[in-house]
Amino acid sequence: MESEQLTKTFMEIQDEVYTQLQTIYDPEIPVNIFELGLIYEVNVDIDNNVQVLMTLTAPNCPAAESLPAEVEQKVNAIEGVNSCKVDITFDPPWDQEMMSESAKLELGFL
């Protein structure tokens, strides 16, 4: 088998990143961080380095240290990922409108 066939494409890596993000939950809200709208961007470069731009529900969120670390850990565990860097932003600030419909349903907002 050629080495090119063993290498995952950046799209495959990106899909796996999104799958992993859906397994991470805010400890105070029973909805994953992707459905909550906390993930703003996922970028994969040509060397399979992943950069995740995310936010938190509030700047003083109790999970401010644990959530980004969990994102980094789970993304780094994906086969083919070279490295993962998580950046936190509060621009734009998170609000409930960023949640998916399923998250809103789960939390009783619809």
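Anyone know which of Asn60, Asn43, Asn76 comes out most mobile in the 10 Å Cα GNM of the chain? Result: Asn60 has the largest fluctuation of those listed. The GNM of the chain, with springs linking C-alpha atoms under 10 angstrom apart, assigns the highest mean-square fluctuation among Met11, Met98, Met54 to Met11. Counting only alpha carbon atoms, the long axis of helix 66-76 and the longest principal axis of the chain meet at about 20°. Using the Cβ of Pro30 as centre and a radius below 14 Å, the other residues enclosed give a net charge of -3, where K and R count +1 and D and E count -1. Computed from Cα atoms, the angle from the helix 10-21 axis to the main principal axis of the chain rounds to 40 degrees. Identify all lysines with a Cα-Cα distance to Lys8 below 28 Å; exclude those on the same chain that are fewer than 8 residues away in sequence. Of all the lysines, those that pass the test against Lys8 - Cα under 28 Å, at least 8 places apart if same chain - are Lys74, Lys85.
Each value in this text was obtained by applying a stated rule to the coordinates, not by laboratory testing. Because the structure is predicted, anything quoted here is derived from the model rather than measured. Here Cβ is always computed from backbone atoms with ideal geometry, including for glycine, and neighbour counts include all displayed protein chains.
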